[in-house]
Amino acid sequence: MDRQIPSRRDASRQTPSAASPPSATKSERMEEITGSQDSPVTIPLLQQMKRDHQKIVGVVAWDYQMAQIVDRAGVDIVSVGDSVGVNLWGHSNPLEVTLEEMLIVCKAVRRGVKRAVVSCDFPYGPLQESMQAALSAAIRLVKEAGIDILKLDGANDFPETVAAIVHAGIPVFAQFGITPQTALRYGIQYSDAAKPDAQIPPEMTAHFVEQAKRLESAGASLLDFTNSGPLAGEAVVRAVSIPVIGGFGGGPWLDGRIRMAHAAIGYAASAIDSQTENYANVARTTLDAITRYAEDVRTARQIKGTAPGTSTPRTTIRTTP
């Protein structure tokens, strides 16, 4: 039997029963499943949510402040993505992100999250190098960064390594899905694959169902199905007992959704002039606020956030006579 690392989350709460009283309201059933805002989320709880047909909410965060905010909002999973390299650091490719950098980011997010499950992307390299390299890196992310589950992109190509990591007691969030290469193999346009009206060949759907089952058999606790589309997405959800969550190309047909917090709030500079409907436009708000701040400084007005008529106290340095 696979060993599992004892979790402070698992020790702090028990998995709720699968059945609720017939008379229970939707809000009462939801409270039974998710507990209060202060109750920690566990991996068994996420799996129970699938059985009870309750959607799982995931967000990607990369820093301590954002981690605190999304955790307070009551999300179920906070995923630390290697997308930090492109979206926060300006890299051209997430493959440039190293294990040492992911450790720093994961530590920051871990310090900010008290309730949600913390997932961390495996950076490119260890999984491709060898099983031992992958195990060593996975253990470091658990021991040094305190993550709850490890997210493996391309996990379907390394089922033995997935099983080895799980056997070491580290839960796995396995990512797979439609890539440009997969789409080409089945004769469809990659850009069209995730559209609601996309015509996915039956053999392609069968391919992803097979992958999902293989990953579940290897011991994965959660699946991230990228660019699932409704046809393949629904088929995979029905085929496995573990939660199937999706970001790009996902939809309500999956067990849950995951999205970058920065994208949800319109944080990127590109959002300033974007016409895309979003939950907020923090970039525009920030631009306006910093513009007003600059005007106050240049016109010798007191800046906001400080008490009127006050200034930073000066420290008097006393010298010995």
Item to check | Long-range HN-HN contacts of Val172 with modeled amide H, under 5 Å | outcome: Leu150, Ser221, Leu222
Checklist entry - From the backbone phi of region 144-155, what are the Karplus-calculated ³J(HN,Hα) couplings (6.51 cos²θ - 1.76 cosθ + 1.60, θ = phi - 60°) in whole Hz, Gly and Pro given as x? => result 8, 9, x, 6, 9, 8, 9, 9, 10, 7, x, 4
Checklist entry - Tell me, what HN-Hα J-couplings in whole Hz come from the Karplus equation 6.51 cos²θ - 1.76 cosθ + 1.60 at θ = phi - 60° for each residue of region 174-179, using x for Gly and Pro? => result 8, 9, 8, x, 7, 10
Item to check | Separation in nanometres of the label points that stand 7 Å from Cα toward Cβ, at Glu96 and Asp273 | outcome: 2.4 nm
Item to check | Under Karplus coefficients 6.51, -1.76 and 1.60, residue-wise ³J(HN,Hα) of region 299-306 in Hz, glycine/proline x | outcome: 9, 6, 8, 5, 7, 6, x, 10
Checklist entry - Given H placed 1.01 Å from N in the peptide plane, which residues other than close sequence neighbours of Thr226 have an amide H under 5 Å from its amide H? => result Phe176, Gly177, Ile178
Checklist entry - Amide H of Ser79: which non-local residues (sequence gap of 5 or more, or other chain) have their own amide H closer than 5 Å, using H built in the peptide plane? => result Val59, Val60, Ala61, Ser119
Item to check | Stokes-Einstein D in µm²/s, Kirkwood radius over Cα pairs - region 52-202 at 4 °C with 1.567 mPa s viscosity | outcome: 78 µm²/s
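Kindly provide the chymotrypsin sites (Phe, Trp or Tyr not before Pro) of region 214-316 that DSSP labels as loop, not H, G, I, E or B, and whose Cβ sees at most 16 other Cβ atoms within 10 Å.
Answer in residue order: Phe248, Tyr279.
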Next on the checklist: In region 26-173, if the dipole is taken from +1 on Lys/Arg beta carbons and -1 on Asp/Glu beta carbons about the Cα centre, which of Ile56, Ser83, Leu141 is farthest to the positive end?
Outcome noted: Ile56
Checklist outcome for this item: Working note, region 131-185: Cα radius of gyration (Å, one decimal) and Dmax (Å, whole number) are 12.6, 40
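For Gln65, what is the net charge nearby, where nearby means another residue's Cβ is under 13 Å from its Cβ and Lys, Arg count +1, Asp, Glu -1?
Numbers: positive: Arg72, Arg111; negative: Asp63, Asp71.
Neighbourhood net charge equals 0.
Can you pull out the GluC sites (Glu not before Pro) in region 213-300 whose DSSP state is coil and whose Cβ has at most 11 other Cβ atoms within 10 Å?
Working: sites: Glu216, Glu234, Glu277, Glu295; in loops: Glu277.
Qualifying residues, ordered by number: Glu277.
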Checklist entry - Where does each of 298-305, 79-86, 47-54, 151-158 land if you order them by average Cβ count within 10 Å, highest first? => result 79-86, 151-158, 47-54, 298-305
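We did not get these values from a lab; they are worked out from the coordinates using the rules stated. Keep in mind the model is a prediction, meaning the values are calculated, not measured. Methodologically, a virtual Cβ is constructed for each residue, glycine included, from the backbone with ideal geometry; neighbour enumeration extends over all protein chains shown.
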